[in-house]
Amino acid sequence: MPDEDIQTLQRPAGAPHDHRTPTAPPAERTPAWLGPVLIVGIVLAALNLRPAITSLGALFEEARTGLHMSGAVAGLITSVPALCFAVFGVTAPRLSRRFGPAAVVCAGMAAVAAGLLIRPFADGAAAFLAASALSLAGIAVTNVLLPVIVKRWFPDRVGTMTGLYSMALAAGTSLAAAATVPLTGALGGSWRTGLLIWAVLAAAAVLPWVPVALAARREKAAAPAAVREAAGPSVVRSRTAWALACYFGLQATGAYVTMGWLPQIFRDAGVSASTAGVLLAVTMVMGVPLAFVIPGLAGRMRNQGPIAVVLGLFGLAGYLGLHLAPAGGAWAWALLLGVSNCAFPLVITMIGLRAKTPAGVVRLSAFAQSTGYLISIPGPLVIGTLYQHSGGWDLPLALMAGLLVPQIVLGVLAGRDRTIEDECGMRD
């Protein structure tokens, strides 16, 4: 395992020792500019982890008509993100061992920018799908490696830094969903232009990662051979890793169902289309401040299970409210589900805390996210099928509420104060 994954964990002078972070061998002095540039790079990368998806969602009908997509192809495109996250996320550990996480994130952001640049010029559904897959591949490896970057360079501030990039991710998601249509109108009304503008933000995200990747490469050359050759644990033997993966999958299922079906639930209850859209925006925007607060709180706790319980209870209250009075308490239910969906920054924080080294984090992050996204793929389809065949939302809402029970249990198991290295019998 190269030193980009596991070598010296840079610790600020006078910082307290974290019982999860082992002492690393000496290495080159970290350049003074690296920390600020890394923070900018992490924020810009996180901002670009969802606009490729939510900008298309805002203009999907126009893109589908313009590219003459069949219903089957359109359905395939909506299911591609989770599949790409699962498939390409698995490759992140190997790429990180070969090139280092900073270089892979740099390449990932370049892939996102290239895909977003090519996609609007596609003249058919196949080319459009291929360009989308290129962007999603870049997002997938970056999804996995951002927790590794945080653990590698900010080992004593895992919660704070995870909160920062989780907040940026939530902001990017909401910004693309809310701004794509108005920007498209302001720039002439073409859906191709509306999708193209997000390539600019992705291109900007590449810039700070170039010097970071070069600095990491110089550190690799200076690292002891024993450090470069060390390996991370086999996470499939860890109960905590499986708990994190399943928790990730269930929270992702809830998030995708919310994003895909919540407006329809409100509209079927008599809420206007415009108000239903605003209610979804409220649910999504709740993630911006809470995505910063929750990781910071979780990072200060030895056991994060209580947070998982509270978030699950908010979700249960939201689904119960949608069942009993979907229109009468619409704003309250949107807020409650927005809080519940903040299980994402919690699980990302736990990934950083449940491994002692960046080597462990990269394996745990890839395993938990890839397995989790595979688990989440059927969720929106099953909910849609139940809705279609039952003619209402009682059964779908009951299923979503029922899934929160194992999600809470898994969150408690994943939140216990232990590491995958300890569970796999590895020494520091």
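The values are calculated or read from the model by the stated rules, or taken from the named source; none is laboratory data. These figures come from a predicted structure and were not determined experimentally. Note that each Cβ is placed from the backbone with ideal geometry, even for glycine, and that neighbours are counted across all protein chains shown. Heads up: the accessible areas ignore ligands, DNA and RNA and are worked out on the full protein's heavy atoms, side chains in. Shrake-Rupley method; radii C 1.70, N 1.55, O 1.52, S 1.80 Å.
Here are the numbers for the structure shown:
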item	result
Structure-based [θ]222 nm, the chain - -39500 (n - 2.57) summed over DSSP H runs of at least 4, per residue, nearest 500	-25000 deg cm²/dmol
Label of the coordinate-derived value, mean projected area of the Cα convex hull in nm², listed as (1) 19.3; (2) 20.6; (3) 21.6	(1)
Packing rank of 119-125, 277-283, where each peptide gets the mean count of other beta carbons within 10 Å, highest leading	277-283, 119-125
Choice from Met109, Met167, Met301 with maximal GNM fluctuation in the chain (Cα, 10 Å cutoff)	Met301
The chain: angle of helix 158-186 to the longest principal axis, Cα-based, in degrees nearest 10	40 degrees
C-alpha long axis of helix 343-353 to longest principal axis of the chain, angle in °	10 degrees
³J(HN,Hα) computed for each position of region 84-91 - Karplus, 6.51 cos²θ - 1.76 cosθ + 1.60, integer Hz, glycine/proline x	5, 4, 6, 6, 6, x, 4, 7
Under 5 Å, built H, 5+ apart or other chain: amide partners of Lys356	Ile420, Glu421
Carbon and sulfur %, accessible surface of region 186-319 computed with the full protein complex present, 1.4 Å	68 percent
Estimated FRET transfer efficiency (Arg217, Leu83; beta-carbon r; R0 30 Å; 0.05)	0.40
Phi to ³J(HN,Hα) by Karplus 6.51 cos²θ - 1.76 cosθ + 1.60 over region 195-203, Hz, x for Gly, Pro	7, 5, 4, 6, 5, 5, 4, 5, 5
Relative contact order (%) - criterion: Cα under 8 Å, at least six apart; region: the chain	26 percent
Computed over region 322-362, the ratio Rg/Rh where both radii use C-alpha atoms and Rh is Kirkwood	1.35
On Cα atoms only, tilt of 273-285 relative to the major axis of the chain in degrees	10 degrees
Inter-site label distance for Gln264 and Met301 at 7 Å from Cα along Cβ, in nm	3.4 nm
Theoretical gain in end-to-end length, Arg94 to Phe60 [0.36 nm per residue, Cα-Cα removed]	8.8 nm
Heavy-atom surface of the chain, accessible at 1.4 Å and reported per residue (Å²)	40 Å²
Rounded to whole Hz, the Karplus (6.51, -1.76, 1.60) HN-Hα couplings of region 117-134, x for glycine and proline	6, 7, 3, x, 9, 5, 9, x, 5, 5, 5, 5, 5, 5, 5, 4, 5, 4
Stretch gain in nm, segment Ser190-Val73, where the contour uses 0.36 nm per residue and the Cα spacing is subtracted	40.0 nm
